[in-house]
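Report on the following structure.
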Amino acid sequence: MSNRDVAKLTFADLRPAEVIDVSAMPRILRRVLGLAFRYPRHIGIASLATLGASALSLFLPRLLGRSVDQAHGLLARHVAFGAEWHPLAISAALILGVSTLRGLMRMIAGYLGEALGQNVGYDLRLAFFDKLQRLGFDFHDGIHSGDLITRGMLDLEGVRGFIGDGLQRLILVVMLVGVGAVRLFSTDWVMALLALSFVPIVTWQSARTGLFLRVTWTRLQEKMALLTRTMEENLQGARVVRSFAAEQHEIAAFDTDGNAALRIARYRIGVRALSITAMQTTFYLAMGAVLWVGSARVQAGRMTVGELTEILAFMTILQQPTRQIIMIVNSAARATSSGQRLFDILDREPLVQDREDARPLVTPRGTVRFEHVDFAYPGGPTVLHDISFAVGPGQTLGIVGAPGSGKSTIAHLLPRFYDVSAGRITIGGEDVRDVTLDSLRQSVALVAQDVFLFDIAAAKNIAYADPLAEEDRIVDAATLATLHEHIDAMPQGYATAVGERGVSLSGGQRQRLSIARGALPDPAVLILDDSLSAVDTATEATLRAGLRASNQNRATIIIAHRLSAITDADEIIVLDEGRIVERGSHTELMALGQRYASLYRLQSVQAHEGVEPGDRTLDTASA
Ligand SMILES: Nc1ncnc2c1ncn2[C@@H]1O[C@H](COP(=O)(O)OP(=O)(O)O)[C@@H](O)[C@H]1O
Ligand SMILES: [Mg+2]
């Protein structure tokens, strides 16, 4: 799309109704105000200061008018310049005093308003982060992390900005117009009407422009979010992009989105400039009318020059806050949509959470049982059917199955990342849904298939579950994971940071670091979800031997593609499309001579031929 298309963009194209839910405005704004009213002292003092500032603002035109009349009087009486300066000097001093006091009041109101906004921002930020930590995987699966970051940062700013600034401007405008109107109408209603004539027109124009700016701003943000996402993915996936020589394609996509953003930005500038010009013209027309009629009144002796000056000065004072209605409406509309998006997250309750009567797990080192477990991801088809098995302390269960057969899902159910749809999971006879999540997750360590490491020291990554772990426990865990020598050889040993997501390590090293992290707290149940796939066969054997030796009363579940990792397991289950299709020890399954046996033979042949056996898996074996 070219820049010339900007002329074709219309307000309706931006679909304002999707951005501003006007019917939700009162409800959301009331809730936003509720957040502010947790700080009643801030609000009370700020409002009083604003009221004071408005009253003083109206006093200034009067003083000005008085001075003009005084000066005019001296002129009329041919008093020599400087001969009778007292009254004028007093007026001047009063003007100085009043404007200083007004500045002070506005400063107080401004400071408290901003402080209030910051307080609410802090409260919201904490509540939001806390909610993100507690919401389950069912929630996080369904929402892009970039979207959540936007809500936590930008939307939060939207709510905060309205409290810190918009609210104050609103109070100022209402008080100024209100108090000023009373004063004007009480003296000369014709002049009052003329002087205030610009207010409704400019208010209407401001409100419209405010809404317009809001809608276009949101559309602009959406385009910017697209750009951010593209850039983020291209940075994270830089290797993929380069290796597929997709740079040109990615640049073209970026350019299209960038152009759309530019169009909207230019449209905004145009409309805003037009609208400001229109408002200024309205204002000066009203001022011209006041001057015209006012001069006639002065000539007829029905009004003094000073009184006319007062009206003109008042209009000037009123002009700015009226134009700021743009910002108030914009800010209120932003607070509405931002508040909606923020509250949408804050109001969610995690599906998986502690029961009210949840107690800590009594016998973490009991037998882990799946009893007729069925499971479907929220809104999805059933992916596990009637899964039953038991792993006692000191025992190992092996799970094999084609990709997508449900192995990782079994691993996710045990620490209650999700709750089962039917059946139950018990540890030592206790249903995992009856115990506290904290105690459950402290007992069950899952070494996940996709490793995530923090960009902190290797030692801190290993000790993530127990930041106070002594050094020898960290070294023990690393040794168990056959990673000690490698870490020791790194530039700063255990203090070496591993880079974003662990980029400074190889795939196998990352897997082993995450095994060390899982093993450090000596969990009652350890699940390795395909955690040895990138480790060579010799290292795998050492690691398995180490785990067996350290595993006297730990239940271990090993999910593996390469069968050598599980041949010594007490029981092996073979999964196919969420069902257990074969089960038994290695010897029993070999004797059965079905899937497991054929896969095992296939992998042995490959190992013999020197092919990395992990490359061939159940799905290729059964094909
Ligand atoms: N977070 C999720 N949301 C919805 N469906 C999922 C999710 N994770 C996995 N699935 C689906 O569940 C099935 C089993 O997946 P998974 O347990 O990851 O298989 P495996 O680990 O054996 O490769 C697959 O059909 C997969 O598409
Ligand atoms: Mg998996």
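The values are calculated or read from the model by the stated rules, or taken from the named source; none is laboratory data. Values in this document were obtained by computation on a predicted structure and should not be read as measured data. Cβ sites come from the backbone with ideal geometry, for glycine too, and all protein chains shown count toward neighbours.
Here is how the numbers come out for the structure above:
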| read-out | value |
| --- | --- |
| Pairs with Cβ under 6 Å, 6+ apart, first in the stretch 376-397 and within 16 Å of ligand 2 (Cβ to nearest atom), second among the hydroxyl-bearing types (Ser, Thr, Tyr) | Val383/Thr409; Leu384/Thr409 |
| The stretch 198-236 - residue that is aliphatic (A, V, I, L, M) and free of Cβ contacts under 8 Å to residues at least 24 places away in the same chain and, of those, farthest from Gly146 (Cα to Cα) | Leu235 |
| Among (1) more than 29 Å from the chain's Cα centre (by Cα); (2) buried (at least 16 other Cβ atoms within 10 Å of the Cβ); (3) away from ligand 1 (no atom under 16 Å from the Cβ) - the single one Ala497 does not satisfy | (1) |
| From the options His372, His385, residue that is part of a strand (DSSP E or B), under 23 Å from Ser443 (Cα atoms) and touching a Gly at 6+ places or on another chain (Cβ under 7 Å) | His372 |
| Count of residues meeting criterion [without any contact (Cβ under 8 Å) to a residue 60 or more places away in the chain and within 18 Å of Gly178 (Cβ to Cβ)] in the stretch 320-352 | 1 |
| Test set (1) modelled with pLDDT under 90; (2) over 24 Å from Pro321 (Cα atoms); (3) of a type outside the set (Phe, Trp, Tyr); (4) part of a helix (DSSP H, G or I) - Ala245 fails condition number | (4) |
| The stretch 544-592: number of residues that are small (Gly, Ala, Ser), crowded, with 19+ Cβ neighbours inside 10 Å and either part of a helix (DSSP H, G or I) or within 16 Å of ligand 2 (Cβ to nearest atom) (or both) | 3 |
| Index of the failed condition, Arg424 passing every other in (1) within 16 Å of ligand 2 (Cβ to nearest atom); (2) under 20 Å from Ile580 (Cβ atoms) | (1) |
| Residues satisfying the stated conditions in the stretch 47-87, i.e. in a helix (DSSP H, G or I) and basic (Lys, Arg) | Arg62, Arg66 |
| Residue check, Thr382 within 16 Å of ligand 1 (Cβ to nearest atom) and on the phi < 0 side of the Ramachandran plot | yes |
| Unmet requirement for Arg30, which otherwise passes all of (1) in a helix (DSSP H, G or I); (2) among the basic types (Lys, Arg); (3) surrounded by 12 or more Cβ atoms within 10 Å (Cβ to Cβ) | (3) |
| Which numbered condition Val605 misses (of (1) surrounded by 14 or more Cβ atoms within 10 Å (Cβ to Cβ); (2) of a type in the set (A, V, I, L, M); (3) at pLDDT below 90) | (1) |
| Filter result for Leu397 (part of a helix (DSSP H, G or I), more than 9 Å from ligand 1 (Cβ to nearest atom) and either more than 22 Å from Asp568 (Cα to Cα) or modelled with pLDDT of 95 or more (or both)) | no |
| Residue identified as within 16 Å of ligand 1 (Cβ to nearest atom) and surrounded by fewer than 16 Cβ atoms within 10 Å (Cβ to Cβ) among Pro415, Pro350 | Pro350 |
| Residue within the stretch 442-454 that is buried (at least 17 other Cβ atoms within 10 Å of the Cβ), within 16 Å of ligand 2 (Cβ to nearest atom) and small (Gly, Ala, Ser) present | yes |
| Among the candidates Arg66, Arg106, Arg15, residue that is out of contact with any helix residue (DSSP H, G or I) (no Cβ under 6 Å at 6 or more places or on another chain) and among the basic types (Lys, Arg) | Arg15 |
| Residue match in the stretch 523-537 (condition: more than 16 Å from ligand 2 (Cβ to nearest atom), at pLDDT 90 or above, buried (at least 19 other Cβ atoms within 10 Å of the Cβ) and part of a helix (DSSP H, G or I)) | no |
| Close pairs from the stretch 405-431: first on the phi > 0 side of the Ramachandran plot, partner within 13 Å of ligand 2 (Cβ to nearest atom), Cβ under 6 Å, at least 6 apart | Gly406/Val383; Gly406/Leu384; Gly406/Leu575; Gly406/Gly578 |
